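Engineer: Okay, handing you the structure first.
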Amino acid sequence: MYEKTILVTGGAGFIGSNFIHHLYTKYPKYRIIVLDCLTYAGSVDNLPVAHKNIQGEPRFEFWYGNVLNSEMIDALVAKSSIIVHFAAESHVTRSIYDSVEFFKTDVLGTQVVANAIQKHSATIERFIHISTSEVYGSARTETMDEEHPLLPMSPYAAAKCGADRLVFSYMNTYKIPATIVRPFNNYGPRQHLEKLIPRFVTNILLQNPLRIHGDGKSSRDFLYVSDTCNALDLIIHAEAEKVNGEIFNIGTGVSTSISEIAVLLQEIMDPEKKVAVKFSGDRPGQVLRHTCNWSKIERVLGWKPTISLREGLLKTIVWYTANKNWWSNQLWMRDIPITTASGKRELH
Ligand code: NAD
């Protein structure tokens with residue numbers, strides 16, 4: 001009845017929900033199953049409404065559950081042909097404050113999913129593990145390709161690195177049909193206010209000052225979330241031999257400093273209503289620069305980033321301006337108390 005059944009873990013969060021909207025709109029003959037335990041970062045409001053298909057079956061299912069629940073994961077993996085695993089604790093600063101949940105969800109949760117994939121590998125076409133550019137640490141080369149050393153700098157990055165290597169080991173030991181994707185910094189609609197770009201956009205909308213850690217020179221490769229969705233779409237639909245057992249970076253190849261993001265947003269939003277910029281102590285374990293080398297995914301699958309930073313920021317600003325109800329109850333979660341690199345207790 002369905003052309004494909006795709007299980008998405010962590011689908012109620014930022015990238016997961018954007019990906020579900022992408023699949024839901026583009027592929028009416030696919031069944032989508034979401035598993036999410038709705039932490040502070042996930043919400044059912046992020047999901048599409050479960051319309052029924054011609055036979056009266058909902059082609060979208062939401063399962064409230066934890067990736068650590070092996071019985072539930074086993075049952076959902078058993079009825080799926082493609083699994084995209086996003087579920088994770090995802091905020092670097094929060095991992096500095098308390099990393100317990102990061103290692104449980106990101107490492108042990110991934111092991112639960114990978115064990116289920118191994119058990120059902122005869123019926124699984126593809127397992128896409130969402131890793132991150134954070135596994136690399138600060139750039140040691142002009143652009144960072146998939147061979148860049150893995151030097152995680154924060155507990156979040158270490159947990160994601162553990163998960164990435166766990167999947168890599170299962171690909172080699174058990175030959176599970178896995179693909180590891182390492183997205184660089186994503187931004188766009190439905191991203192939690194704790195993250196840089198939504199925090200800056202909403203601060204400017206509220207005419208609050210912008211807070212930058214350190215000197216603002218650390219830079220990241222910012223990728224608009226729809227480009228990530230397009231890359232995952234290509235991986236799902238590629239021939240197995242092109243993607244199974246492979247690792248792909250996705251990013252733009254351009255890095256932009258945090259101070260430049262602050263200037264750009266103020267310029268795009270309303271140059272007449274600029275807010276103050278305040279500097280705080282450096283975040284411990286700060287990554288200085290990330291710049292993606294995405295030539296592998298371009299060569300193998302023809303993927304390219306399509307949205308420029310200015311265009312992506314504009315789309316993001318439009319969304320946050322129109323959706324204040326979505327984000328106003330997250331305002332109190334923007335600040336996290338951590339001890340900075342110089343030993344001072346500060347809000348970050
Ligand atoms: P997010 O924090 O917005 O969403 C995470 C989702 O996972 C939430 O819906 C949450 O409820 C769910 N979740 C958390 N713990 C769970 C558990 N134990 N069981 C079930 N569900 C659980 O994160 P995001 O920004 O959408 O990131 C998604 C994935 O992409 C993560 O694996 C993250 O590491 C990775 N990633 C994110 C970025 C980025 O810039 N946002 C960049 C690279 C990689």
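Here, each number is a calculation from the coordinates, and none is a lab measurement. On a predicted model such as this, the values are computed, not experimentally measured, just so you know. Please note: Cβ atoms are built from the backbone with ideal geometry, for glycine as well, and neighbour counts cover all protein chains shown.
Engineer: Going Cα to Cα from Lys104, which aspartates and glutamates come in below 12 Å? Please leave out same-chain ones fewer than 8 positions away.
Structural biologist: Glu89
Engineer: What percentage of all Cα-Cα pairs in the stretch 153-220 are separated by more than 20 Å?
Structural biologist: Percentage above 20 Å: 52.
Engineer: Which of Leu210, Leu264 comes first, and how do the rest follow, when ranked by fewest Cβ neighbours within 10 Å?
Structural biologist: By the 10 Å Cβ count, ascending: Leu264, Leu210.
Engineer: Mind sorting His22, His290 by how few other Cβ atoms lie within 10 Å of their own Cβ, fewest first?
Structural biologist: Lowest count first: His22, His290.
Engineer: Then there is this: Give the value in nm², to one decimal: projected area of the alpha carbon convex hull of the stretch 17-110, averaged over all directions.
Structural biologist: Details: hull surface 26.6 nm².
Averaged projected area of the stretch 17-110's Cα convex hull equals 6.7 nm².
Engineer: Further question on the same structure: If you plug each phi of the stretch 112-123 into the Karplus form 6.51 cos²θ - 1.76 cosθ + 1.60 with θ = phi - 60°, what whole-Hz ³J(HN,Hα) values come out, in order, with x for Gly and Pro?
Structural biologist: Values per residue, Gly and Pro as x: 4, 5, 5, 5, 5, 5, 4, 5, 9, 4, 5, 10 Hz.
Engineer: Calculate for the chain the 222 nm mean residue ellipticity that helices alone would give, adding -39,500 (n - 2.57) per DSSP H run of length 4 or more and normalising by residue count, nearest 500 deg cm²/dmol.
Structural biologist: Values: 12 runs with 121 residues, N = 348.
Rounded to the nearest 500, the figure is -10000 deg cm²/dmol.
Engineer: Next question, about the same structure. Modelling each spin label as a point 7 Å along the Cα-to-Cβ direction, I'd like the Lys304/Gln286 distance in nm, to one decimal.
Structural biologist: Result: 3.5 nm between the two label points.
Engineer: Let me ask something additional. Just in the stretch 187-242: which trypsin sites (Lys or Arg not before Pro) are loop by DSSP and have at most 13 other Cβ atoms within 10 Å?
Structural biologist: Passing sites in the stretch 187-242 are Lys217.
Engineer: In nm, give the distance between the simple-model label positions of Leu206 and Glu71, each being 7 Å from the Cα along the Cα-to-Cβ direction.
Structural biologist: My value for the distance between the label points is 4.2 nm.
Engineer: Next question, about the same structure. Can you pull the one-decimal nm distance between simple spin-label points at Lys119 and Tyr2, each 7 Å off the Cα toward Cβ?
Structural biologist: 1.9 nm
Engineer: Still on this structure, I have one more. How big is the equivalent ellipsoid of the chain along its three axes, where each semi-axis is √(5λ) from the Cα gyration tensor, reported in whole Å from largest to smallest?
Structural biologist: 32, 23, 20
Engineer: Could you give the radius of gyration (one decimal) and Dmax (whole number) of the Cα atoms in the stretch 116-241, in Å?
Structural biologist: For the stretch 116-241, the Cα-based Rg and Dmax read 17.5, 55 Å.
Engineer: Sticking with this structure for a sec: Could you compute the net charge surrounding Thr39? Neighbours are other residues with a C-beta less than 9 Å from the C-beta of Thr39; K and R count +1, D and E count -1.
Structural biologist: Around Thr39, the surrounding residues sum to -3.
Engineer: Largest first and in whole Å, give the semi-axes of the stretch 243-348's equivalent ellipsoid, each being the square root of 5 times a Cα gyration tensor eigenvalue.
Structural biologist: Taking √(5λ) for each Cα gyration eigenvalue gives 30, 22, 15 Å.
Engineer: Another question, if that's okay. Roughly speaking, what is the centre-to-centre gap between the stretch 189-209 and the stretch 76-119 when only Cα atoms are used, to the nearest Å?
Structural biologist: The stretch 189-209 and the stretch 76-119 have Cα centres spaced 27 Å from each other.
Engineer: Out of all Cα-Cα pairs in the stretch 166-316, roughly what percent, to the nearest whole number, are more than 23 Å apart?
Structural biologist: 45 percent
Engineer: State, to one decimal in nm², a quarter of the convex hull surface area for the C-alpha atoms of the stretch 1-160, i.e. the direction-averaged projected area. Please report the intermediate quantities before stating the final value.
Structural biologist: Values: hull surface 41.4 nm².
Averaging across all directions leaves 10.4 nm² for the Cα convex hull.
Engineer: Mind checking the full-extension length gain between Thr321 and Asp145? Use 0.36 nm per residue of separation minus the Cα-Cα distance, one decimal, nm.
Structural biologist: 59.8 nm
Engineer: Next question. Rounded, prolate or oblate: which fits the stretch 295-348, taking a ≥ b ≥ c as square roots of the Cα gyration tensor eigenvalues, rounded meaning a/c under 1.5, else prolate when a/b beats b/c?
Structural biologist: Oblate, because a/c is 1.5 or more while a/b does not exceed b/c.
Engineer: Right, something else. So how many Å³ per residue does the convex hull of the Cα atoms of the stretch 232-271 work out to?
Structural biologist: Spelled out: Cα convex hull of the stretch 232-271, divided by residues, is 93 Å³.
Engineer: Can you tell me the 0 to 90 degree angle between the C-alpha axis of helix 225-237 and the longest principal axis of the chain, rounded to 10?
Structural biologist: The angle comes out near 20 degrees.
Engineer: Cα atoms only: what Rg and Dmax, in Å, come out for the stretch 119-186?
Structural biologist: According to the Cα coordinates of the stretch 119-186, Rg and Dmax are 13.1, 41 Å.
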